[in-house]
Amino acid sequence: MMPRQWIASVVLALAILVLVIRLVQKGHLDIAYCWLWLAVGMGMLLMVLRYDWLVQLSGLIGAVAPTTTIFLFGFMVILLMCLQFSWVISTHRRQIKRLTQRLALLERERGVPDPGAPSCDSSGRSGPQG
């Protein structure tokens, strides 16, 4: 690896690590989601500092060039991110459903009218009077 590539790669990996840590500190990134990003930053730094490991791993998996291995790992990271987001969305969907059901039960106990139900007059008929 050329010195300019090495320096740029180290700076990029460190920038990602610092960015993730700062986002967690400021509360913009939840700590539950930062682990994958920290692993990406550490993996980038490890690949730059131990380039010989990347070359050996490329030979082990049968990749023609180390860049192929990097693209493979990038694709795996994207798949892991999609899996994590699907998991979070599923969890939130279940929580929203439970909260909606609880709210409906509480409103029914308190006698709060359902805003989505058609209104009825005193005679029990709904709709416009005419």
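When restricted to residues that are exposed (fewer than 14 other Cβ atoms within 10 Å of the Cβ) and assigned to a helix (DSSP H, G or I), the stretch 1-11 contains 7. For the stretch 58-73, a residue qualifies if it is assigned to a helix (DSSP H, G or I), under 19 Å from Trp6 (Cα atoms) and without any contact (Cβ under 8 Å) to a residue 12 or more places away in the chain, and the qualifying residues are Ser58, Thr67, Thr68, Phe71.
Regarding Gly27, is this residue on the phi > 0 side of the Ramachandran plot and of a type outside the set (Phe, Trp, Tyr)? Spelling it out, Gly27 is indeed on the phi > 0 side of the Ramachandran plot and of a type outside the set (Phe, Trp, Tyr). Does any residue of the stretch 17-39 turn out to be of a type in the set (Asp, Glu), farther than 22 Å from Met2 by Cα and exposed (fewer than 13 other Cβ atoms within 10 Å of the Cβ)? Yes. When restricted to residues that are farther than 28 Å from Val55 by Cβ and part of a helix (DSSP H, G or I), the stretch 20-41 contains 10. When Arg94, Arg108 are checked against the criterion of being loosely packed, with under 12 Cβ neighbours inside 10 Å, under 21 Å from the mean Cα position of the chain (by Cα) and more than 25 Å from Leu14 (Cβ to Cβ), a single residue qualifies: Arg94.
For every residue, the table says whether it meets (1) at pLDDT 90 or above; (2) more than 21 Å from Met81 (Cβ to Cβ).
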| residue | (1), (2) |
| --- | --- |
| Pro3 | no, yes |
| Leu19 | yes, no |
| Ala32 | no, no |
| Trp35 | no, no |
| Ile61 | yes, yes |
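Residue under question is Val55, and the condition is that it be at negative phi, exposed (fewer than 12 other Cβ atoms within 10 Å of the Cβ) and assigned to a helix (DSSP H, G or I); does it hold? Answer is no for this residue.
The values are calculated or read from the model by the stated rules, or taken from the named source; none is laboratory data. Not measured: the values here are computed from a predicted model. Neighbour counts run over all protein chains shown; Cβ positions are idealised from the backbone, glycine included.
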